[in-house]
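The structure under discussion appears below in the form of structure tokens.
Just so you know, all these numbers are worked out from the coordinates, no wet-lab data involved. Being a predicted model, the structure only gives us computed values, none of them experimental. Backbone-built Cβ (ideal geometry, glycine too); neighbour counts: all protein chains shown.
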Amino acid sequence: MRTITNHLPTSELQALDAAHHVHPFTQNDALAKKGARIITRAKGVYLTDSEGETLIDGMAGLWCVNVGYGRKELADAAARQIEELPYYNTFFQTSHVPAIALAARIADLAPGDLNHVFFASSGSEANDTNIRLVRHYWALKGKPEKSVIISRKNGYHGSSMGSASLGGMTSMHEQGGLPIPGIVHIDQPHWYAEGGDMTPEEFGLQRARALEEKILELGADRVGAFIAEPVQGAGGVIIPPSTYWPEIQRIVDKYDILLIADEVITGFGRTGNWFGSQTFAIKPHIMTIAKGLSSGYQPIGGSVVCDEVAAVIATDEFNHGYTYSGHPVAAAVALENLRIIEEEGIVEHVRDVAHPYLAERWHALGDHPLVEDTQLVGLMGSLALVPVKGERAKFAAGAGTAGYITRERCFANNVVMRHVYDRMIISPPLVITPSEIDILIDRATVALDEAYKQLKDDGLL
Ligand code: PMP
């Protein structure tokens, strides 16, 4: 058997990658031209690639490595659990200690009466669970027709058939026959892109009331739930105007609609509280969790359910479950991760240290000739790239061209930032220190300067 290790030359690894590995969400033509950047190890907020370069990770992997890389405690927790009980399921009236302990811990941390957890291995799976859970709940209450779920355009809830249907990404719906029936989308609260002449507050109210209009159009007796991310993440870190969430809450309460907060990104400290629902003062009946639950060290997610929904679901067998629901190794690692977040005061670090410092440096990027609309909540931020300032202007070249160029300049300068069309976004590990924030922003500034020059040279400005 051929041994493939870190010690092979990058070109050989890239050739094998191209020959055998089908990549998720990747521009395949660009990948074919230059080959993948191969990450070999990581520590703290830094990644190392196969050429020995060190990158600062402004995205915490995919918004998930909240406690930073290289935590020996998490490796030890996994090793201990693998030796003691590497696998058992939680079907058919069995359970095990890691799943019990993790469910109880999440119930402690989650706001209100969100006291019950149905485990999955990812955010996508958890949102698929939510679709079935909501419909089953209403059926058990004698209202099976309350099956429609309302979600939002440019929302992201995962990549499986159900979760991608909940999502409002047209580029995803174009592939594979989505959305599935019974899911309808309303407009998003993205003031910068769609707010026109309204103030953000007026616009926030208008976009929240789109939910009420949709409920009235369909009939409240047909609508089971509304799902949304407290802050849209993959859609471009869109922080809704302050008027949005209070109005949404009023509407779901009035029409007896379940509120699902998709906290896959915003959970576990990202917004400066344990959950985004606390930051935005909302009271969901169900929260989707994943990513930061284990800081990405193990694939685990879940649906955190309130007392009432759990009580109704418990009156019948819920014919749903994954082989890895509550996987003991993933659960043990998640539990240890939550201990680290709590004992090291990582949520407080975000709120009191990292956010205030990043806010200063992030908003100062608004002085750059290419940048406006700097947004930041906790440690998730975005900015708009613009050809001219002060007009919320768009580039004449196709949407995303400037973003892609800037992202490439970031990568070349050893800082990982992502682009969503022409918005640049960050979501660094929550343990990032002020001096590391300086390195992140200094490199991002060089990348912006280079992108600006390249856009000018290419006649795109
Ligand atoms: N919901 C949200 C808000 C997400 O950001 C994501 C992933 N980016 C998901 C769900 C899907 O999670 P996963 O990729 O673990 O399936």
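Counting only DSSP beta bridges with both residues in the chain, what percent are antiparallel, rounded to the nearest 5?
Roughly 65 percent of the beta bridges in the chain run antiparallel, per DSSP.
Quick one: Karplus J couplings for region 210-217, per residue in order, coefficients 6.51, -1.76, 1.60, θ = phi - 60°, nearest Hz, x for Gly and Pro?
These are the phi-based 3J(HN,Hα) values: 4, 5, 4, 4, 5, 4, 5, 5 Hz.
Label region 186-338 by shape, choosing from rounded, prolate and oblate, from the square roots a ≥ b ≥ c of the eigenvalues of the Cα gyration tensor; if a/c is under 1.5 it is rounded, and otherwise prolate applies when a/b is larger than b/c, oblate when it is not.
It comes out oblate by the Cα gyration axes.
Defining a contact as two alpha carbons under 8 Å apart and six or more residues distant in sequence, what relative contact order in percent does the chain show?
20 percent
Would you be so kind as to identify which of P98, W63, H173 lies farthest towards the positive end of the dipole of the chain, taking Lys and Arg as +1 and Asp and Glu as -1 on Cβ and the Cα centre as origin?
Highest projection toward the positive end goes to H173.
With 10 angstrom as the radius, rank E408, E73 by how many other C-beta atoms surround their C-beta, starting from the fewest.
In increasing order of surrounding Cβ atoms, one gets E73, E408.
Per residue of region 294-309, what does 6.51 cos²θ - 1.76 cosθ + 1.60 with θ = phi - 60° give for ³J(HN,Hα)? Whole Hz please, x for Gly and Pro, Karplus curve as stated.
In residue order, the calculated couplings are 10, 6, x, 6, 9, x, 8, x, x, 10, 9, 10, 6, 4, 5, 5 Hz.
Have a look at S163, A75, N319 and report the one farthest towards the positive end of the charge dipole of region 72-343, computed about the Cα centre with Cβ charges (Lys/Arg +1, Asp/Glu -1).
Of the options given, the answer is N319.
Neighbour counts of other C-beta atoms within 10 Å: give me V264, V184 arranged from fewest to most.
V184, V264
If amide hydrogens are placed 1.01 Å from N in the peptide plane, which non-local residues have theirs closer than 5 Å to the one on T40?
Correct list: T48, D49, S50.
Could you work out the pair-distance distribution P(r) of the chain from its alpha-carbon pairs, with 20 angstrom bin width and percents rounded to whole numbers?
24, 58, 18, 0
Using amide H atoms built in the peptide plane, which far-off residues or other-chain residues are under 5 Å from H116 H to H?
Under 5 Å from the amide H of H116 lie the amide H atoms of V305, each far enough along the sequence or on another chain.
Only bridges with both residues in region 72-343 count here: give the DSSP antiparallel percent, nearest 5.
Once the DSSP bridges in region 72-343 are tallied, antiparallel ones form about 45 percent.
If you rank Y404, Y324 by fewest surrounding Cβ atoms within 10 Å, what's the result?
Y404, Y324
Could you give each residue of region 99-106 its phi-based ³J(HN,Hα) in whole Hz, using Karplus coefficients 6.51, -1.76, 1.60 with θ = phi - 60°, and x for Gly or Pro?
Once rounded to whole Hz, the list reads 5, 5, 5, 5, 4, 5, 5, 5.
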